[in-house]
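Below is one structure, written out as structure tokens; comments come after it.
Just so you know, all these numbers are worked out from the coordinates, no wet-lab data involved. Just so we're clear, the structure is a prediction, and the values are computed from it rather than from any experiment. Note that each Cβ is placed from the backbone with ideal geometry, even for glycine, and that neighbours are counted across all protein chains shown.
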Amino acid sequence: MRYVTRLALIGVLAVFLAVGGCGSTRVVVVAGSGAAAAAPPTTAAPGEGPASEGDAAAIDEVIQLAIGQDPDRDFASRMPYTEGAEDVEQTYNAVFDLIADFDVDLEVSAVTTNGDDARAVVDVIVDGESFAAGLPVTLVRIGGDWKVTRDGVCAVLSVGSPCPEAD
């Protein structure tokens, strides 16, 4: 039964991604075994390097607070952990309605920083299995606190529903 429910989620996500993209077309390839594609290769920008242990922990925490699955957190309570993502509320609501019956985890890895800019690689795990791998989440440090950028929020949310075109 869980397998059928997982296939239904994959089908719904594929439809959202294929036709919901504000004038754009997206193609999704889902491996039949449930295995996710490998993360795309990344190259470090000049000055970019591995995040300190403290920054990596803070970045992981802010990603979870901004876009991790938590049924007790609404869109407004996530906004202090984001920068410029005020216009993605409909996308947020659509995705969190879609995943309400699933256990979705975000695993953060390969965090790099370059001054007040950071990039984390995020994998989406659904019911214990990899669903999407290697999503690039960008962050910016403002007033000493890391915040997930709009692009970073949309990198994860667009797995379930496309974000509106940026102004």
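Yes/no matrix, rows are residues, columns are (1) outside any strand (DSSP E or B); (2) in contact (Cβ under 8 Å) with a residue 60 or more places away in the chain; (3) not small (Gly, Ala, Ser):
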{"residue": "Ser109", "(1), (2), (3)": "no, no, no"}
{"residue": "Val121", "(1), (2), (3)": "no, yes, yes"}
{"residue": "Ala132", "(1), (2), (3)": "no, yes, no"}
{"residue": "Leu135", "(1), (2), (3)": "no, no, yes"}
{"residue": "Thr138", "(1), (2), (3)": "no, no, yes"}
{"residue": "Val153", "(1), (2), (3)": "yes, yes, yes"}
{"residue": "Val159", "(1), (2), (3)": "yes, yes, yes"}
{"residue": "Pro162", "(1), (2), (3)": "yes, yes, yes"}
{"residue": "Glu165", "(1), (2), (3)": "yes, yes, yes"}
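For the range 105-136, which residues satisfy the criterion of being under 17 Å from Glu61 (Cβ atoms), hydroxyl-bearing (Ser, Thr, Tyr) and surrounded by fewer than 18 Cβ atoms within 10 Å (Cβ to Cβ)? Within the range 105-136, Ser109 is the sole residue that qualifies.
As for the range 70-81, it holds at least one residue that is touching a residue at least 24 places away in the same chain (Cβ under 8 Å) and surrounded by 19 or more Cβ atoms within 10 Å (Cβ to Cβ). Regarding Ile125, is this residue farther than 19 Å from Ala166 by Cα, among the aliphatic types (A, V, I, L, M) and not in a strand (DSSP E or B)? Against the criterion (farther than 19 Å from Ala166 by Cα, among the aliphatic types (A, V, I, L, M) and not in a strand (DSSP E or B)), Ile125 does not qualify.
Which members of the range 55-107 meet the condition of being small (Gly, Ala, Ser), over 18 Å from Leu135 (Cα atoms) and outside any helix (DSSP H, G or I)? Within the range 55-107, Gly84, Ala100 meet the criteria.
Among what's in the range 140-151 and is without any contact (Cβ under 8 Å) to a residue 24 or more places away in the chain and over 13 Å from the mean Cα position of the chain (by Cα), pick the residue that is surrounded by the most Cβ atoms within 10 Å (Cβ to Cβ). I'd like the intermediate steps shown before the answer.
Quick first cut of the range 140-151, residues without any contact (Cβ under 8 Å) to a residue 24 or more places away in the chain only: 143-144, 151.
Adding the requirement that they be over 13 Å from the mean Cα position of the chain (by Cα) leaves 143-144.
Working: Gly143: 5, Gly144: 7.
Step by step, filter the range 140-151, then rank; the result is Gly144.
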